[in-house]
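Take a look at the structure below.
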Amino acid sequence: MNEFIPMSRPYLGDEEIEAVSEVLRSGWITTGPKCSEFEKMFAEFVGTPYALSVSSGTAGMHLVLKLMGVGPGDEVVTPSMTFASTVNQITLAGARPVFADVDYDTMLIKPEEIDRLKSTKTKAVIPVHFAGAPADMDAIEQASGDIPIIEDAAHAIGTTYKGAHIGSRGNVSIFSFHPIKNITTAEGGMVTSSDETMMKQLRLMRFHGIERDAWKRYGKASDPGYDIKEPGFKYNMPDIQAALGLVQLSKIDDITKRRNRIAEMYLDSLSDLEGVDLPGIPTYPHTHAWHLFVVKIKSMDRESFMRALADNNIGYGLHFPACHRLSYIRERFGDIHLPETDTLADRILSIPIYPAMSDEQVYRVIDVIKRVLG
Ligand SMILES: Cc1ncc(COP(=O)(O)O)c(C=O)c1O
């Protein structure tokens, strides 16, 4: 039997092990100099003045919604075809998620849906750069008008839109470094924005509301005291993880290149297959990060297809069960119909894509899909 090909696998080597070991030996393992270095490197990479490391993308979203004052009586427009964490945060804040439909081919939010759904209650719009493809930010910003935009950039490390990296437009943007993501810190995230005041407030909220970083309060002859003007959370990233992030980010060009090559092989080899629809590619200039490769199964039911992949030792994922169909959303907000998302929700499946996947492994996946669906 061939070896198992997972859907995803973190791209980690000796450099990451060495970088983490160095922090472990240093005597300071939580948030400190490595975090500052990682934030600086990430901000430069994205092309934005400010970046704030956090314990997860979800934590970043919590902080941002809180800072924007999203609460009871408010609405937030976001796609239903996204990870539940965003929608959870909106509902936990007491607000109502208003679900936008996505384009069947690209799985990206349709800007005209924002026009249809926005109201005087809309406190924020959260587009998702799904699977590493950039959402159409010019059209989204036009449709949103004065409503603040939070870009969900969890999938978009390496994604560019019209020549600039996602996160560089000034909108607050949230990245994730969960192990499935294009670079990882085991768990972790980064918030970027060009708004200095907002970023200072987020920095305070990230760590109890304390003004000075702990690693500065514990230095030689330092002042260990602190004051708190507003209570905050505990969403900081330890240096052990930031050290991992620094090495990972230095490899991003190779990672993006390899993911693009694998996607190209899938697109070239599977395009004639009638039983499956492949990811649609945005027509505007962009770099795709190919975080996920999501196919839509048409000629058989998804369960049988998954079983066939499993029988052939091939992994898969489901990104994502549509949020408007989750039990608690239906109970609280009733049944919602989103034509393209509903069709997608029944058909989608993520097939293996990760930088260390060999050409041979890619062709094995292609052969199995052709055999099963052909
Ligand atoms: C679209 C999307 N948004 C947000 C998140 C949340 O990120 P995290 O897992 O770092 O909290 C994820 C992934 O996990 C995601 O896929």
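The values are calculated or read from the model by the stated rules, or taken from the named source; none is laboratory data. Note that this is a predicted model, so its numbers are computed, not measured. All Cβ positions, glycine included, derive from the backbone under ideal geometry; neighbour counts span all protein chains shown.
Yes/no matrix, rows are residues, columns are (1) touching a helix residue (DSSP H, G or I) at 6+ places or on another chain (Cβ under 9 Å); (2) assigned to a helix (DSSP H, G or I):
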position: THR283; (1), (2): no, no
position: GLU303; (1), (2): no, yes
position: THR341; (1), (2): yes, yes
position: ILE353; (1), (2): yes, no
position: TYR363; (1), (2): yes, yes
Any hit, the stretch 139-159, residues being out of contact with any strand residue (DSSP E or B) (no Cβ under 9 Å at 6 or more places or on another chain), assigned by TED's automatic domain parsing to the domain that holds THR82 and buried (at least 24 other Cβ atoms within 10 Å of the Cβ): no
Contacts under 8 angstrom Cβ, first residue in the stretch 102-113 being assigned by TED's automatic domain parsing to the domain that holds ASP342, partner surrounded by fewer than 22 Cβ atoms within 10 Å (Cβ to Cβ), 6 or more apart: none
Counted residues, the stretch 55-88 - those being farther than 25 Å from THR106 by Cα and near the ligand (Cβ under 9 Å from one of its atoms): 4
Selected residue [more than 14 Å from the ligand (Cβ to nearest atom), of a type outside the set (Val, Ile, Thr) and under 13 Å from the mean Cα position of the chain (by Cα)] from GLY163, GLY145, GLY158, GLY189: GLY158
Any hit, the stretch 33-48, residues being assigned to a strand (DSSP E or B), small (Gly, Ala, Ser), under 22 Å from the mean Cα position of the chain (by Cα) and modelled with pLDDT of 95 or more: no
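Tally time: how many residues in the stretch 108-137 are buried (at least 24 other Cβ atoms within 10 Å of the Cβ) and away from the ligand (no atom under 11 Å from the Cβ)?
Summing the residues that are buried (at least 24 other Cβ atoms within 10 Å of the Cβ) and away from the ligand (no atom under 11 Å from the Cβ) in the stretch 108-137 gives 6.
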Long-range neighbours under 7 Å by Cβ, at least six apart or interchain, first residue touching a residue at least 24 places away in the same chain (Cβ under 8 Å) within the stretch 245-260, second among the small types (Gly, Ala, Ser) and crowded, with 16+ Cβ neighbours inside 10 Å: GLY245/GLY188; LEU246/ALA19; VAL247/ALA19; ILE252/GLY158; ILE255/GLY158; THR256/GLY158; THR256/ALA289; ARG259/ALA289
